[in-house]
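The values are calculated or read from the model by the stated rules, or taken from the named source; none is laboratory data. Computed from a prediction, not measured in an experiment: that's the story for all the values here. So basically every Cβ, Gly included, is an ideal-geometry build from the backbone, and we count neighbours across all protein chains shown.
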Amino acid sequence: MASKLSPVFQETQFDNNGDPLAGGLILWELAGTSTATSVWTTSAGTVAHANPIVLNARGEPPSPIWLTTGASYKATLKTAAGVVIRYFDTITGIGDSTIAVSEWAALGITPTYIGATSFSVPGDQTLTLEVHRRLQTVNTAGTIYSTIRSATYSAPDTTVVVFNDSGVLDAGLSSVFYGILNATNPSSPGRVIITSQAAGQRRENLLLNGEFIRWSYAATQTATGYGSVDRWPTYRTGSTMAISRGTHTVGQTAVPGHPRYYFINAVTSAANAANNINMQQRVDDIARFSGETVTFSIYAKATAGGKLLGINMASVYGSGGSATDEAAGVNFALTTDWARYTYTYTVPSVTGLTIGADNFLGVRLWLDAGANYNTQTDSMGQQSGTFHFSDAQLEFGTVATDFMRRTEQETVMLCLQYYTTLLASFRGNSTTNAYCTRALPVLMRTTPVITLDTVPTYSNSSGLTTDSETRTSFREIVTVTAPGVFHYASGIWAVTAEL
């Protein structure tokens, strides 16, 4: 029968001392099973090797190894005493075009189960098991797909922590396969930049102002809620904070893509189970996330070691809608160097739920969390410290792709639909009330609430207010106090359509 050369175990094999593995064994089985099967000594596929193959004094098989065309194998290398050294699963012959090539490669090392999201393997495997790489594992409950959250080598083992798409690892964990594409610089495109969003398209970054470019509220903030950076309210109870904007050093490479700014929050914790500080972004339209898996990523650091960052998400179904579904969260240990942290979450289905106005998916970053928030933060606890954040991204899928950097102009236009300010200034001639219609710069998310952020100076007029508010315009009304020429100047309207 037709055969192709095996891509593995043709050359000299070595023991742990670097000596040829004389008398070593190569066991051949059908891929993914423990069923022994034949391999061949010639391309004709008529004379079988012994199974297992016994290596000669040079640690080589006695003759080349040929695999049946169209078949898929598992090959296990053992010592003469039968101790497993390494194995390869799902092997096909070189140039065998009759069988589809899998997108998964066998790690070839037996894993040791640690917990629902972690396992270890012997040796330093961090070059292969890199952060963000995809994994397929075989467990008692079945196949689980995951993304690597961290991989740390501490002799003699590498410990791997993962985010599971669904389900958990279990004590029957027996095999690990890794995606053939690297997590960094893969051969497939990590993303396609979409400059306008048509029906059915998905923007890669679902967050606005993830670059922390636009700060239209104020340059600093200590009060709770919206108060400084657009689209990122920070809420506090009991504990205090001081928010400001930092500027990246020109030419730095720790956060790739040459970002300009980053977010700073100096937190002072006050001990109480109800006290907390969390910043968040609320992403419109919970229905579009129904049953979808999303991945959040952010670059972060602290100015001192030992600080934690908690992350969770919440499905908020709006006014008159179903009860909020708040997810259990995770926390990450920050260092004093920039690093990227990712959190993957499957949003609950909205089937059968009631969705009201102002519904959203909330992404929450916890900087200080009393015991009341243990579920949301994986018992992160309370802490004081100064935290820096850069390049926040939320996207559909299980992998954090390269950050999608918008221009400042694009970010501004997108943020204007939630909050903007307008000059309140007019001059006219009237004997009664005077009216002026103002156009808004973009279509607002919803009909805005309009208030005077700065009261104008009046001449022959008073009591500036508004009516006829729509998503595109509103009307100013001022009372004329003396017939004839009047004016008001230097006032500032705050136009708010925030979630």
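Looking only at segment 333-363, filter to residues that are surrounded by fewer than 22 Cβ atoms within 10 Å (Cβ to Cβ) and among the aliphatic types (A, V, I, L, M); which one of those is farthest from residue 314 (Cα to Cα)?
339
Which members of segment 289-317 meet the condition of being more than 20 Å from residue 393 (Cα to Cα) and modelled with pLDDT of 95 or more?
At the first step, the residues of segment 289-317 found to be more than 20 Å from residue 393 (Cα to Cα) are 303-307, 317.
303, 304, 307, 317 - these are the residues of segment 289-317 that are more than 20 Å from residue 393 (Cα to Cα) and modelled with pLDDT of 95 or more.
Is there any pair linking a residue in segment 438-454 that is basic (Lys, Arg) to one that is surrounded by 13 or more Cβ atoms within 10 Å (Cβ to Cβ), with Cβ under 6 Å and at least six apart or on different chains, and which?
438/474; 445/417; 445/418; 445/497
Among residues belonging to segment 23-36 that are at pLDDT 90 or above and crowded, with 17+ Cβ neighbours inside 10 Å, point out the one that is farthest from residue 177 (Cα to Cα).
24
Condition first: of a type in the set (A, V, I, L, M) and at pLDDT 95 or above. Now tell me which residues in segment 479-499 satisfy that.
Step one: filter segment 479-499 for residues of a type in the set (A, V, I, L, M), giving 480, 482, 485, 489, 492, 494-495, 497, 499.
Scanning segment 479-499 gives 492, 494, 495, 497.
With (1) farther than 18 Å from residue 263 by Cα; (2) crowded, with 20+ Cβ neighbours inside 10 Å as the list, and residue 366 as the residue in question, which single condition is left unmet?
Single failed check for residue 366: (1).
Output the number of residues of segment 330-386 satisfying the condition of being of a type in the set (A, V, I, L, M), more than 26 Å from residue 498 (Cβ to Cβ) and touching a strand residue (DSSP E or B) at 6+ places or on another chain (Cβ under 9 Å). Reasoning before the result, please.
Looking only at segment 330-386, we keep the residues that are of a type in the set (A, V, I, L, M), and these are 330, 333-334, 339, 347, 350, 353, 355, 357, 361, 363, 365, 367, 369, 371, 380.
Of the ones still in play, those that are also more than 26 Å from residue 498 (Cβ to Cβ) are 330, 333-334, 339, 371, 380.
Keeping just the survivors that are touching a strand residue (DSSP E or B) at 6+ places or on another chain (Cβ under 9 Å) gives 330, 333-334, 339, 380.
Going through segment 330-386 one residue at a time, the tally reaches 5.
Looking at segment 115-165, which of the residues that are charged (D, E, K, R) and closer than 19 Å to residue 346 by Cα is surrounded by the fewest Cβ atoms within 10 Å (Cβ to Cβ)? Lay out the reasoning, then the answer.
Filtering segment 115-165 down to residues charged (D, E, K, R) leaves 124, 130, 133-134, 149, 157, 165.
Of the ones still in play, those that are also closer than 19 Å to residue 346 by Cα are 133-134, 149, 165.
Working: 133: 22, 134: 20, 149: 19, 165: 15.
Of everything passing the filter in segment 115-165, 165 is surrounded by the fewest Cβ atoms within 10 Å (Cβ to Cβ).
Is it the case that segment 261-275 has a residue that's at pLDDT 95 or above, under 19 Å from the mean Cα position of the chain (by Cα) and surrounded by 14 or more Cβ atoms within 10 Å (Cβ to Cβ)? Give the derivation first.
Restricting attention to segment 261-275, the residues satisfying the condition of being at pLDDT 95 or above are 261-275.
Narrowing further to those that are under 19 Å from the mean Cα position of the chain (by Cα): 262-263.
Those still in the list that are surrounded by 14 or more Cβ atoms within 10 Å (Cβ to Cβ) too: 262-263.
Within segment 261-275 (the criterion being at pLDDT 95 or above, under 19 Å from the mean Cα position of the chain (by Cα) and surrounded by 14 or more Cβ atoms within 10 Å (Cβ to Cβ)), the answer is yes, since at least one residue qualifies.
Can you name the strands (runs of 3 or more DSSP E) wholly within segment 451-499 that have at least 2 residues being within 30 Å of residue 319 (Cα to Cα)? Talk me through it step by step, then tell me what you get.
Values: elements: 457-459, 461-467, 473-480, 484-496.
Hits in segment 451-499: 461-467, 473-480, 484-496.
Among the residues in segment 281-297, are any over 19 Å from the mean Cα position of the chain (by Cα), assigned by TED's automatic domain parsing to the domain that holds residue 381, surrounded by 21 or more Cβ atoms within 10 Å (Cβ to Cβ) and under 21 Å from residue 389 (Cα atoms)?
no
Please count how many residues of segment 409-437 are over 20 Å from residue 487 (Cβ atoms) and outside any strand (DSSP E or B).
Total satisfying the criteria: 10.
Within segment 199-220, is there a residue that is β-branched (Val, Ile, Thr), surrounded by fewer than 20 Cβ atoms within 10 Å (Cβ to Cβ), at pLDDT below 85 and on the phi < 0 side of the Ramachandran plot?
no
Which residue pairs have Cβ atoms under 6 Å apart, sit 6 or more places apart or on different chains, and have a first residue in segment 479-499 that is touching a residue at least 40 places away in the same chain (Cβ under 8 Å) and a second that is charged (D, E, K, R)?
487/427; 492/453; 494/453; 497/445; 499/282; 499/358
Any residue in segment 459-475 that's under 19 Å from residue 417 (Cα atoms): show its pairings with residues that are in a loop (DSSP other than H, G, I, E, B) and of a type in the set (Lys, Arg) at Cβ separation under 9 Å, as long as the two are six or more apart or on different chains.
Once the first residue is under 19 Å from residue 417 (Cα atoms) and sits in segment 459-475, its partners that are in a loop (DSSP other than H, G, I, E, B) and of a type in the set (Lys, Arg) give 471/445.
Test residue 94 against the criterion of being within 24 Å of residue 26 (Cβ to Cβ), surrounded by 14 or more Cβ atoms within 10 Å (Cβ to Cβ), in contact (Cβ under 8 Å) with a residue 60 or more places away in the chain and not basic (Lys, Arg), and give yes or no. Walk me through it before giving the result.
Details: within 24 Å of residue 26 (Cβ to Cβ): yes; surrounded by 14 or more Cβ atoms within 10 Å (Cβ to Cβ): no; in contact (Cβ under 8 Å) with a residue 60 or more places away in the chain: yes; not basic (Lys, Arg): yes.
It is false that residue 94 is within 24 Å of residue 26 (Cβ to Cβ), surrounded by 14 or more Cβ atoms within 10 Å (Cβ to Cβ), in contact (Cβ under 8 Å) with a residue 60 or more places away in the chain and not basic (Lys, Arg).
In this structure, does residue 118 turn out to be at pLDDT 90 or above and either under 24 Å from residue 87 (Cα atoms) or not assigned by TED's automatic domain parsing to the domain that holds residue 287 (or both)?
On the way: at pLDDT 90 or above: yes; either under 24 Å from residue 87 (Cα atoms) or not assigned by TED's automatic domain parsing to the domain that holds residue 287 (or both): yes.
Yes.
Inside segment 117-145, can you point out the residues that are of a type in the set (Ser, Thr, Tyr) and in a loop (DSSP other than H, G, I, E, B)? Quick ask: steps written out before the conclusion?
Step one: of segment 117-145, the residues of a type in the set (Ser, Thr, Tyr) are 117-118, 120, 126, 128, 137, 140, 143, 145.
Listed by number, the residues that qualify are 117, 126, 128, 140.
Could you give every pair whose Cβ atoms fall below 7 Å, whose first residue belongs to segment 332-346 and is touching a residue at least 60 places away in the same chain (Cβ under 8 Å), and whose second residue is aromatic (Phe, Trp, Tyr), counting only separations of at least 6 or pairs across chains?
Qualifying pairs under 7 Å: 338/299; 340/299; 342/296; 343/296; 344/163.
Quick check on residue 407: is it within 30 Å of residue 289 (Cα to Cα), surrounded by fewer than 19 Cβ atoms within 10 Å (Cβ to Cβ), β-branched (Val, Ile, Thr) and at pLDDT 95 or above? So that I can check it myself, show each step before the final result.
Numbers: within 30 Å of residue 289 (Cα to Cα): yes; surrounded by fewer than 19 Cβ atoms within 10 Å (Cβ to Cβ): yes; β-branched (Val, Ile, Thr): yes; at pLDDT 95 or above: no.
No; evaluated as a whole, the condition is false for this residue.
Results for (1) touching a strand residue (DSSP E or B) at 6+ places or on another chain (Cβ under 6 Å); (2) within 20 Å of residue 108 (Cα to Cα), shown as yes or no for each residue.
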{"position": "19", "(1), (2)": "no, no"}
{"position": "31", "(1), (2)": "yes, yes"}
{"position": "36", "(1), (2)": "yes, yes"}
{"position": "41", "(1), (2)": "no, no"}
{"position": "46", "(1), (2)": "no, no"}
{"position": "50", "(1), (2)": "no, no"}
{"position": "57", "(1), (2)": "no, no"}
{"position": "62", "(1), (2)": "no, no"}
{"position": "71", "(1), (2)": "no, yes"}
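Checking the structure you have, find out if any residue of segment 476-486 is surrounded by 13 or more Cβ atoms within 10 Å (Cβ to Cβ) and either charged (D, E, K, R) or in contact with an Asp or Glu (Cβ under 8 Å, 6 or more places away or on another chain) (or both).
Checking segment 476-486: at least one residue is surrounded by 13 or more Cβ atoms within 10 Å (Cβ to Cβ) and either charged (D, E, K, R) or in contact with an Asp or Glu (Cβ under 8 Å, 6 or more places away or on another chain) (or both).
Taking strands (runs of 3 or more DSSP E) that fall entirely within segment 1-109, which contain at least 3 residues that are under 43 Å from the mean Cα position of the chain (by Cα) and on the phi < 0 side of the Ramachandran plot?
Details: elements: 3-5, 25-30, 66-68, 73-78, 84-91, 104-106.
By residue number, 25-30, 73-78, 84-91, 104-106.
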